[in-house]
Every structure is written in structure tokens, then in C-alpha cells.
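Engineer: I'd like to ask some things about the structure below.
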Amino acid sequence: MTDMMTDAAIKPSLSDQVRRQPAVTAALAIFIGSGATILGAWFFQYGLGLAPCPLCLEQRMPYHIVIPLSLLLAIATYVQAPRALLRVGFAAILIIMVCSTALATYHAGVEWRWWPGPAECSGPMTDFSKAGSILGQLNNVHVVRCDEAAWRLFGLSLAGYNVLISLLLAAIAAWALIARRDPA
């Protein structure tokens, strides 16, 4: 019984671990958050059948970079890589997620019609039904429009939620840049 109590007293709490190794915590939080975001996008696409528009697909690109980068940072912090290397990695994630926030904000604004979107997915649709056979075949092509939200919850579209997620991940990366390791 005393061994169990001694083990419990020796084992640091979660908050102690976060204070002692903020970079590991941040890298794992970014990895889990960005991975969950991509899995969520795939669920909406393949599970619910909501085809992504071109801007939706572009919004996934930052996550495809951040997922492996954050996993590499978690490993690097675990093996105690130089602090300068970790700072460069978290700075890169911060910049990528700020760009992701800007892209998601742009897409959300297109959906709310605050500004025009790209012509290929939010411009006027042309009627090709009276054209020749090649142009007539274009009627069978389904273009997913960037200016129409396929899904909303509490008034926010998926692009709107991506704004919030990207901001959160950027904030975690910024926290990792300024957090000091607790000497213990």
C-alpha cells in the first residue's frame, strides 16, 4: 500500500508535466488537433457525402504540412533537440496556421457574400445545354460552389470552424514559443 502511495506522490500531475515540458505538450496538442481536423473533413466528405469545393481542398493543405511537422517536433522535444530547432519548428507552425486562418476567413467571407470568391467555383453558371455535344457533356459535371455553405452549426460553416481551429492551433504554437521549461 505504501508503494502505491509513494508512486502516486512521485508521479507528477498533468499540470506539472505541462509546466516542465511545454514544447512536448504543445506539439502533441497541435498534432492531435490538426489530425482531428483532417479526420473531421474526411468524415464530412466520405461519411456524410458533402463534396468539398476548391477552397475547402485548399484549406486542408496547411494541415497536411502541420501534422507531420508537429509529430516531428514532439519527437524532437522528447529527445531534447536544441531549443533553436524547436523554436524554428513552432514558428513555422505559427506562420502556417496564421495563413490557414486567413484562407479560412476568406472562404467564410465568400460564403457570407462579403466579397467575391474565385470565378471557377463562385462565378455565374453558364447554360451549355444549347451548345454542341462536347459542351453539352458539361451539363453532367457537378461543380461544388465555394459561395454556398454545405453545412452550418450555430451559424458557422465548416470554413468558419476552420477559422477557430486554425487560430487555436496558432495560439498553441505561439505559447510553445514563449513558454519556459520549468526547472525540476
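The values are calculated or read from the model by the stated rules, or taken from the named source; none is laboratory data. Not measured: the values here are computed from a predicted model. Cβ placement follows ideal geometry from the backbone for every residue including glycine, while neighbour counts extend to all protein chains displayed.
Engineer: Out of (1) under 30 Å from VAL110 (Cα atoms); (2) of a type outside the set (Gly, Ala, Ser); (3) within 17 Å of the chain's Cα centre (by Cα), what's the single condition that is false for LEU71?
Structural biologist: Unmet for LEU71, out of (1) under 30 Å from VAL110 (Cα atoms); (2) of a type outside the set (Gly, Ala, Ser); (3) within 17 Å of the chain's Cα centre (by Cα): (1).
Engineer: Restricting the search to the range 26-79, which residues are over 19 Å from LEU164 (Cβ atoms) and in contact with a Ser or Thr (Cβ under 6 Å, 6 or more places away or on another chain)?
Structural biologist: ALA27
Engineer: Here's something else I'd like to know. Does VAL88 fit the bill of being surrounded by fewer than 14 Cβ atoms within 10 Å (Cβ to Cβ), modelled with pLDDT of 95 or more and not small (Gly, Ala, Ser)?
Structural biologist: Considered against the rule, which asks whether it is surrounded by fewer than 14 Cβ atoms within 10 Å (Cβ to Cβ), modelled with pLDDT of 95 or more and not small (Gly, Ala, Ser), VAL88 comes out as yes.
Engineer: Looking at the range 136-156, can you tell me whether even one residue there is out of contact with any helix residue (DSSP H, G or I) (no Cβ under 7 Å at 6 or more places or on another chain), part of a strand (DSSP E or B), surrounded by 11 or more Cβ atoms within 10 Å (Cβ to Cβ) and at pLDDT 80 or above?
Structural biologist: Yes, there is a match, as at least one residue in the range 136-156 is out of contact with any helix residue (DSSP H, G or I) (no Cβ under 7 Å at 6 or more places or on another chain), part of a strand (DSSP E or B), surrounded by 11 or more Cβ atoms within 10 Å (Cβ to Cβ) and at pLDDT 80 or above.
Engineer: Now a separate question. Would you be able to say whether some residue in the range 49-66 is crowded, with 17+ Cβ neighbours inside 10 Å, more than 15 Å from the chain's Cα centre (by Cα) and within 16 Å of ALA92 (Cβ to Cβ)?
Structural biologist: no
Engineer: Can you tell me how many residues in the range 55-102 are touching a residue at least 12 places away in the same chain (Cβ under 8 Å) and more than 30 Å from GLN45 (Cα to Cα)?
Structural biologist: So the count comes out to 7.
Engineer: Let me ask something else. Condition test on LEU39, is it in a helix (DSSP H, G or I), out of contact with any strand residue (DSSP E or B) (no Cβ under 6 Å at 6 or more places or on another chain) and within 17 Å of LEU177 (Cβ to Cβ)?
Structural biologist: So LEU39 fails the test.
Engineer: Give the number of residues within the range 15-48 that are buried (at least 19 other Cβ atoms within 10 Å of the Cβ), within 13 Å of the chain's Cα centre (by Cα) and of a type in the set (A, V, I, L, M).
Structural biologist: Residues in the range 15-48 being buried (at least 19 other Cβ atoms within 10 Å of the Cβ), within 13 Å of the chain's Cα centre (by Cα) and of a type in the set (A, V, I, L, M): 3 in total.
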